[in-house]
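A short write-up of the structure that comes next.
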Amino acid sequence: MKHRRTIHGLLTILMMCLGQAGHPSFGAGQFGPTAADTSFRADAMRVIAVRAGRLFDGKSDRLLEDQVIVVRGDRISEVGPAARVSIPPGAEVIDLRRATVLPGLIDAHTHLFLTGESGGRYDEQLLKESWQYRTIEAVVNARKDLEAGFTTMRDLETEGAMYSDADVRNAINCGLIPGPRLQVVTRAISTTGGYPLEGYSPEVTVPSGVQIVDSPVEARKAVREQIKYGADLIKIYSTHRFHFTPEGKLVSIPTLTLDEIKAIVNEAHRQQVKVACHAYGGEGLHNCIEAGVDSIEHGLDLDDASIQLMIEKGIYYVPTLYAYEYEPEEDLRATGGKTSRARIHEQSFRRALARGVKIAFGTDVGPFPHGTQAKEFEYMVRFGMTPVQALHAATSVAAELMSWQDRIGSVEKGKFADLVAVSGDPLADITELERVKFVMKGGQTVRNDLQ
Ligand SMILES: [Zn+2]
């Protein structure tokens, strides 16, 4: 009678799933009550055996043949060669012997609350759509991303929809709606003049895509507020406006001062919360690295000194390549066809990769359609990564960035049963990840087109 629960049991579940997803503490935390996630949804006694023709387990660099993954409840209880791991009697068998199984994918930079951005769409969302309507859009987007194989995401701010991402995260954790495991930013932080909406008359009050701060005191208070209302991590915009010089150099105008960023990082870290920094290059990038943020998002224009400091300080790079390949026309017009952010970005990515910066997979999906972000893999490989490196970026490395390496990022005993499968060999053709055919999250099958 798996649906019969006591009132007390239901209340406990509700209290557990309405809390934050579990602050991604700096170390590999233990599975505490905050890790409840989907655990109550999968019947604890339910046993599934996944037969994998080939397995990329996220630890080894090659495909393992003919494997069995035993799932009990929402966790992996055993994994190994079919010759060694026996299928428990009574287990439900999922036959993926003609497929390649991988760990559930992690997108470390998403925007569930964006559905398009260019052509006035961004302003339309903030000006004409209520937070409630935008939350409905986010629910639809979360399902698309999950069905595309992204079982975990870091959602990097709601773009004006306030704290609604915390509600989406909680609803997913409570089992009300399907969606990836989420760490959410809530509002993000920039300065007056440092973020849209822009271009309106000073007489008209318009909403802002972020929380605005203009001193270290305000910056620290914003961090405290955001954590209070559900932020799992803090996101700041340290550069905003940009232009190209006649020589085709990218100039990025800083927003927050070094003192403001130091206040943000200090307050977040003393509350064991990480800080993601949106930066293109120049002073804004340097300030974030000096202040000790945990990740640089985009990092279009990384100089050698910044790359060196990122390595020394262990700062992750989340490049989001495809987002800049998606619509290059504006940049090409601005530079007379000379260059674009995409081409400058490619050079930064190649140098960071060659020097050994920790690179986590992130896509900035939202401005382009949800569920299509596996396109990022193709660009990572085109710009120098091996397919294995790209897969690690979207599994074990991204899991470490989120401090969730104890629960996701590999197919391993004790971790959540988050699995995807593709028909072909992703090590030979990385675009296989654009055609995910099977998705399981926490032991629950989300889709299976391989039956
Ligand atoms: Zn973004």
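Computed from the coordinates by the stated procedures, all read-outs in this text should not be read as laboratory data. The structure displayed is predicted, hence computed values, not measured ones. Cβ placement follows ideal geometry from the backbone for every residue including glycine, while neighbour counts extend to all protein chains displayed.
Some values worked out for this structure:
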item	result
Residue count for the range 366-403, restricted to those that are in a loop (DSSP other than H, G, I, E, B), of a type in the set (A, V, I, L, M, F, W, C) and touching a residue at least 40 places away in the same chain (Cβ under 8 Å)	4
Residues located in the range 295-338, provided they are in a loop (DSSP other than H, G, I, E, B) and free of Cβ contacts under 8 Å to residues at least 12 places away in the same chain	G336, G337
Test result for L401, within 16 Å of the ligand (Cβ to nearest atom), within 16 Å of G58 (Cβ to Cβ) and surrounded by 17 or more Cβ atoms within 10 Å (Cβ to Cβ)	yes
Selection count where residues are over 19 Å from the mean Cα position of the chain (by Cα) and either loosely packed, with under 14 Cβ neighbours inside 10 Å or under 23 Å from R154 (Cβ atoms) (or both), scope the range 98-129	11
Pick from the range 340-365, criterion aliphatic (A, V, I, L, M), farther than 17 Å from K313 by Cβ and touching a residue at least 40 places away in the same chain (Cβ under 8 Å), ranking: nearest to the ligand (Cβ to nearest atom)	V365
Filter result (closer than 27 Å to L102 by Cα and either within 16 Å of the ligand (Cβ to nearest atom) or free of Cβ contacts under 8 Å to residues at least 24 places away in the same chain (or both)) within the range 148-179	F150, M153, R154, D155, L156, L176
Filtered residue count, the range 295-313, keeping only those that are more than 20 Å from the chain's Cα centre (by Cα) and either of a type in the set (G, A, S) or within 15 Å of the ligand (Cβ to nearest atom) (or both)	2
The range 366-398, subset within 16 Å of the ligand (Cβ to nearest atom) and charged (D, E, K, R), residue farthest from T320 (Cα to Cα)	K375
The range 233-250, subset within 25 Å of A166 (Cα to Cα) and in contact with a Gly (Cβ under 8 Å, 6 or more places away or on another chain), residue surrounded by the most Cβ atoms within 10 Å (Cβ to Cβ)	S238
Residue in the range 127-141 that is touching an Asp or Glu at 6+ places or on another chain (Cβ under 8 Å) and of a type in the set (S, T, Y) present	yes
Residue check for N141: among the polar types (S, T, N, Q), within 16 Å of the ligand (Cβ to nearest atom) and in contact (Cβ under 8 Å) with a residue 24 or more places away in the chain	yes
Which numbered condition Y122 fails, given (1) part of a helix (DSSP H, G or I); (2) within 21 Å of H298 (Cβ to Cβ); (3) touching a helix residue (DSSP H, G or I) at 6+ places or on another chain (Cβ under 6 Å)	(3)
